[in-house]
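Colleague: Below is a structure I'd like to ask you about.
The values are calculated or read from the model by the stated rules, or taken from the named source; none is laboratory data. As the structure is a prediction and not an experimental result, all values here were calculated from the model. Positions of Cβ are generated from backbone atoms using ideal geometry, with glycine treated the same way; all protein chains shown enter the neighbour counts.
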Protein chains: 2
Amino acid sequence: MYIHAVSHYLPTEVVGNEYFTQLNGLSSEWIIERTGIVERRKAAPGENTNTMTVDVVQRLMDKTDLTTVDLIVGATYTPYDTIVSLAHEAQHHLGIADIPVVSISTACSSFINAIEVVEGYFALNKASRALVIVSEHNTVYNNEQDKVSGHLWGDGAAALLITKERQSEGDFNIVALLTGGAAHTAKATTAVMMKPMEGGVTMPFGRDVFINACQYMPKASLQILERCGLTLADVDYILPHQANLRISRNVMNTLSLPEEKLISNIQRYGNTGCAGCAIALSERWDTFKKGERIVITVFGGGYSYGAMLVEV
Amino acid sequence: MYIHAVSHYLPTEVVGNEYFTQLNGLSSEWIIERTGIVERRKAAPGENTNTMTVDVVQRLMDKTDLTTVDLIVGATYTPYDTIVSLAHEAQHHLGIADIPVVSISTACSSFINAIEVVEGYFALNKASRALVIVSEHNTVYNNEQDKVSGHLWGDGAAALLITKERQSEGDFNIVALLTGGAAHTAKATTAVMMKPMEGGVTMPFGRDVFINACQYMPKASLQILERCGLTLADVDYILPHQANLRISRNVMNTLSLPEEKLISNIQRYGNTGCAGCAIALSERWDTFKKGERIVITVFGGGYSYGAMLVEV
């Protein structure tokens, strides 16, 4: 399974930390110290997860041919429309008839969950060229006034063309991936929630999310390496879910890896949900060197996690 | 792939057509003539897609052992929580660690989309005992005052244990299934929508939904039979998506099948979204005879469709 191309989109409006200082007294220094976030992007009025889907699909079309896509998998937990899902919107934009389309919502782990769904369709021979879209409009469901988590969130989207067979020398090889739920843990279903009819995103037990994210992402990373017969010495980059720079650094410490091997965009975009890792992959795409190995690892509310080994 | 057991849950409150007569003047006769719906169920305050998930999982536990479930797939377009999804809630209730959990939202076709995701995990040998949950809380996102579609919706849920290998003589065999998107059609992305932040469910082009549902469900049913080397003469029952009794009858007419072969519960429950077919399967489970064949076919907003051949 290969990543043939990737694109991303970020809304133009930049919201700096000083916005939250004015709103609720949190200083920029405090936000940076606790989260690493300096600024985030906010979708404009009229923008949403479906418009950003069209944006990233259009940008992906500029990079590669999408006319023979035979599967679309969308992912978001901040949906504009739960009936006309991201996958439907993308199919409508592409105008391709009668291919399977499905959208998923497994919180911040959805990027790897979506690719695992694709892996299943490939194994069934029901598809061989899949379009994956991750798109989050956190700011519309966010209470900016919330001192606990109001300053964490940003908006953004990405799209990937994933193919069963290698299309070109430049493709990134998805060597292996795994996902798992950690909802058996005590606070999994109450730590961070997004209830559309009851006030949107809330995070009553952020510390529990922090602790579990710091445990599960290293654990999943080691598991996927072990399955591939590799060790941390074989890894060039770790790309963790972009939730909090302190979590990312904690993951690197647990794995005894230097910060040069960490890929991070949360400083500029905040927590962009399941889109964060894919946006980072898109931004860095041209800078990777042949043979480099990237472990992408995710952890999301609910809880669920995943890890994926990608070889350039 | 086999359905080993199925359970369902319906809220206790019954809402008859006279409720809508009082609300907006629609007569019961008019509603029955146009939709077949006599009454529907409404979730109580405090009930939602996640509580109904626990209800159906508990009922399924009364029928079969769920301790060795190794995959959970949830489906809803009326989510209580998009971060703590149905699949997370079910995992939390079961207390099973580290299995893949994923929730999907592909509107009313999600029941078969969810089973196709399971089929993929089985093909990958990443799972062999899957819990599938379909749960809809339409009434919370519905505008009852809406004369076009306010009277259509009902609440309900179902759960299924799907296994890769046959567990017992009583298992129903999923012989084959297919899904497809029809979002390439002109009004697919505007005909019926569910925007959590913009008023919930709306159906500006109900006639277009009607026409496409009447075309795609017979077409998908014939496709799945053809793939299995069977014809309509081999089919004992058609179980279409429970959207409207006139659509269901139109499907039967197109297939030249008598109404005795139609399975329908919309009269009593209204449109229960992606849960409708699974609730009907659960209600009728004990009445099917060995060797009977059921074609389940779905069509949902967005649009997407599917068909599945089940052998008792």
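Colleague: Are any residues in segment A:54-75 among the β-branched types (V, I, T) and farther than 15 Å from A:A278 by Cα, and if so, which ones?
Modeller: A:V54, A:T64, A:T67, A:T68, A:V69, A:I72
Colleague: Looking at (1) within 18 Å of the chain's Cα centre (by Cα); (2) free of Cβ contacts under 8 Å to residues at least 12 places away in the same chain, which is the only condition A:S110 fails?
Modeller: For A:S110, the exception is condition (2).
Colleague: Okay, moving on. So for segment A:74-91 (the condition being in a helix (DSSP H, G or I), more than 9 Å from chain B (Cβ to nearest Cβ) and at pLDDT 95 or above), does at least one residue qualify?
Modeller: Checking segment A:74-91: at least one residue is in a helix (DSSP H, G or I), more than 9 Å from chain B (Cβ to nearest Cβ) and at pLDDT 95 or above.
Colleague: Continuing with the same structure: Mind listing whichever residues of segment B:26-51 are surrounded by 17 or more Cβ atoms within 10 Å (Cβ to Cβ) and assigned to a helix (DSSP H, G or I)?
Modeller: Across segment B:26-51, the qualifying residues are B:S28, B:I31, B:T35, B:T49, B:N50, B:T51.
Colleague: Turning to a different aspect of this structure: So, of the residues in segment B:105-119 that are touching a Cys at 6+ places or on another chain (Cβ under 9 Å) and hydrophobic (A, V, I, L, M, F, W, C), which turns out to be nearest to the other protein chains (Cβ to nearest Cβ)?
Modeller: Going through the qualifying residues, I end up with B:A107.
Colleague: Which ones in segment A:108-141 are farther than 19 Å from B:S304 by Cβ and either modelled with pLDDT under 95 or part of a strand (DSSP E or B) (or both)?
Modeller: Correct list: A:V134, A:E136, A:H137.
Colleague: Further question on the same structure: Tally up the residues in segment B:142-183 that are within 24 Å of B:V310 (Cα to Cα) and of a type outside the set (K, R), please.
Modeller: Within segment B:142-183, residues that are within 24 Å of B:V310 (Cα to Cα) and of a type outside the set (K, R) number 25.
Colleague: Let me ask another. Count, please, the residues in segment B:125-157 that happen to be at the interface with chain A (Cβ under 7 Å from one of its Cβ atoms) and in contact with a Leu (Cβ under 9 Å, 6 or more places away or on another chain). Please lay out each step first, then the result.
Modeller: Filtering segment B:125-157 down to residues at the interface with chain A (Cβ under 7 Å from one of its Cβ atoms) leaves B:140.
If we keep only those that are in contact with a Leu (Cβ under 9 Å, 6 or more places away or on another chain) too, we end up with none.
Within segment B:125-157, residues that are at the interface with chain A (Cβ under 7 Å from one of its Cβ atoms) and in contact with a Leu (Cβ under 9 Å, 6 or more places away or on another chain) number 0.
Colleague: Hey, another quick one. Please work out if B:I294 is over 30 Å from B:P204 (Cβ atoms) and more than 14 Å from chain A (Cβ to nearest Cβ). Before you say what the answer is, go through the steps one by one.
Modeller: Details: over 30 Å from B:P204 (Cβ atoms): yes; more than 14 Å from chain A (Cβ to nearest Cβ): yes.
For B:I294, the condition - over 30 Å from B:P204 (Cβ atoms) and more than 14 Å from chain A (Cβ to nearest Cβ) - is met.
Colleague: Within segment B:192-212, is even one residue more than 10 Å from chain A (Cβ to nearest Cβ), within 28 Å of B:R284 (Cβ to Cβ) and of a type in the set (S, T, N, Q)?
Modeller: Yes, the conditions are met somewhere in segment B:192-212.
Colleague: Can you name the residue in segment A:176-191 that is in a loop (DSSP other than H, G, I, E, B) and of a type in the set (V, I, T) and is also farthest from B:I96 (Cα to Cα) among such residues?
Modeller: For segment A:176-191, the residue satisfying everything is A:T190.
Colleague: Any residue in segment A:173-183 that is without any contact (Cβ under 8 Å) to a residue 12 or more places away in the chain and outside the structural domain of A:V56 (by TED's automatic domain parsing)? Please lay out each step first, then the result.
Modeller: If we filter segment A:173-183 for residues that are without any contact (Cβ under 8 Å) to a residue 12 or more places away in the chain, which is where we start, we get none.
No, segment A:173-183 contains no residue that is without any contact (Cβ under 8 Å) to a residue 12 or more places away in the chain and outside the structural domain of A:V56 (by TED's automatic domain parsing).
Colleague: Sticking with this structure for a sec: Please work out if A:N173 is more than 10 Å from chain B (Cβ to nearest Cβ), assigned to a strand (DSSP E or B) and modelled with pLDDT of 95 or more.
Modeller: yes
Colleague: Filter segment B:92-107 for residues that are in contact (Cβ under 8 Å) with a residue 24 or more places away in the chain, outside any loop (DSSP other than H, G, I, E, B) and crowded, with 24+ Cβ neighbours inside 10 Å and give the result.
Modeller: So in segment B:92-107, the residues in contact (Cβ under 8 Å) with a residue 24 or more places away in the chain come out as B:93-94, B:96, B:99-107.
Still in the list and also outside any loop (DSSP other than H, G, I, E, B): B:93-94, B:101-104, B:107.
If the condition is that a residue be in contact (Cβ under 8 Å) with a residue 24 or more places away in the chain, outside any loop (DSSP other than H, G, I, E, B) and crowded, with 24+ Cβ neighbours inside 10 Å, then B:V101, B:V102, B:S103, B:I104, B:A107 are the ones that fit.
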